[in-house]
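Report on the following structure.
The values are calculated or read from the model by the stated rules, or taken from the named source; none is laboratory data. Computed from a prediction, not measured in an experiment: that's the story for all the values here. Here Cβ is always computed from backbone atoms with ideal geometry, including for glycine, and neighbour counts include all displayed protein chains.
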Amino acid sequence: MFNNDGILAKFMSVRILFLPDDVTIDAEVGEPLLDVAERAGVSIPTGCLMGSCHACEVEIDGGATVCSCITAVPPGREKLTINLDFDPTW
């Protein structure tokens, strides 16, 4: 598989832990978070699927929140914790 520059890309597997379900699955860098969750049998609510409504907002590694409909598994990580049950400030 080649990246956008035509350079052979090395696939990296990232171990994803979904909380509060305590489900772990391996994912590839660049794989959409919603696809990873679906493969893991974890349900993330969605709305617009464009990141505008924030229905799919999840917390990453106990810090930043992202809209999972427009976020992919980031590079440079061995593990990632995605928390679906956090207290967002609206």
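Tabulated results
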| read-out | value |
| --- | --- |
| Tally, over region 41-90, of residues that are out of contact with any helix residue (DSSP H, G or I) (no Cβ under 8 Å at 6 or more places or on another chain) and either polar (S, T, N, Q) or outside any loop (DSSP other than H, G, I, E, B) (or both) | 11 |
| Lone unmet requirement of (1) more than 17 Å from MET12 (Cβ to Cβ); (2) at pLDDT 95 or above; (3) in contact with a strand residue (DSSP E or B) (Cβ under 8 Å, 6 or more places away or on another chain) for ASP85 | (2) |
